[in-house]
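Asks: My questions all concern the structure below.
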Amino acid sequence: QVQLVESGGGLVQPGGSLRLSCAASGIIFNMYEMGWYRQAPGKQRELVAHITRGGSTNYADSVKGRFTISRDGAKNTVYLQMNSLKPEDTAVYYCNALSGLGSHWGQGTQVTVSS
């Protein structure tokens, strides 16, 4: 059974930082590309950051220079370090695992940026 479990969300003030984690089980982690997506109320889910099996990364323009995605194959975990957070970063953040074998989603973690 595939499970992606996100953690690390919460309430933070503008300018603050959070680190999200996504622990994967039931998959061969190193065979999957991993991504972080987010969905704000009334908006479509959007890609935030993506990391390939080899560690290449790409980011949405809105988060470049502020967010960093990384992965740890020994822990089957992908991270999203979020700095200089803005109110417009408020959303539910989802972890995704993608390979030719399928696509899997976590349940999401809420990030709220507010003073």
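The values are calculated or read from the model by the stated rules, or taken from the named source; none is laboratory data. Remember, it's a predicted structure, so these values are computed and weren't measured experimentally. Ideal geometry is used to build each Cβ from the backbone, glycine not excepted, and the neighbour counts take in all protein chains shown. Heads up: the accessible areas ignore ligands, DNA and RNA and are worked out on the full protein's heavy atoms, side chains in. Shrake-Rupley method; radii C 1.70, N 1.55, O 1.52, S 1.80 Å.
Asks: Per-residue HN-Hα couplings for the range 2-8, Karplus 6.51 cos²θ - 1.76 cosθ + 1.60 at θ = phi - 60°, whole Hz, x for Gly and Pro?
Replies: Computed from phi, the couplings for the range 2-8 are 7, 9, 10, 10, 8, 8, x Hz.
Asks: How large is the accessible surface per residue of the chain, computed with a 1.4 Å probe and reported in Å² as a whole number?
Replies: Ligands and nucleic acids excluded, the figure is 52 Å² per residue.
Asks: A further question on this structure: Go through the range 31-44 residue by residue and turn each phi into a ³J(HN,Hα) via Karplus (6.51, -1.76, 1.60, θ = phi - 60°); whole Hz please, and just put x for glycine and proline.
Replies: Running phi through 6.51 cos²θ - 1.76 cosθ + 1.60 with θ = phi - 60° gives 8, 10, 7, 10, x, 10, 10, 9, 9, 8, x, x, 10, 7 Hz.
Asks: Here is a further query. Under a cut-off of 15 Å between alpha-carbon atoms, report the aspartates and glutamates in cross-link reach of residue 43, not counting same-chain residues fewer than 8 places apart.
Replies: Within the straight-line cut-off, residue 43 pairs with 88, 89.
Asks: Once every Cα of the chain carries one equal point scatterer and solvent is ignored, give the base-10 log of I(q)/I(0) from the Debye formula at q = 0.17, 0.20 Å⁻¹, two decimals.
Replies: -0.75, -1.03
Asks: Turning to a different aspect of this structure: Between residue 30 and residue 88, take the C-beta separation as r, use R0 = 35 Å, and let me know the FRET efficiency to the nearest 0.05. Provide the component values of the computation, followed by the final result.
Replies: Details: r = 34 Å, r/R0 = 0.96.
Calculated transfer efficiency: 0.55.
Asks: If you don't mind, another one. If you take every residue apart from residue 34 with its C-beta less than 13 Å away from the C-beta of residue 34, what net charge results, scoring Lys and Arg +1 and Asp and Glu -1?
Replies: 0
Asks: At a 1.4 Å probe radius, carbon and sulfur cover how many percent of the accessible area of the chain?
Replies: On the way: 2820 of 5970 Å².
Reported share for carbon and sulfur atoms: 47 percent.
Asks: Taking the chain as a Gaussian network, where each spring joins two C-alpha atoms under 10 Å apart, which residue of 16, 42, 54 fluctuates the most?
Replies: Comparing 16, 42, 54 in the GNM, the peak value goes to 42.
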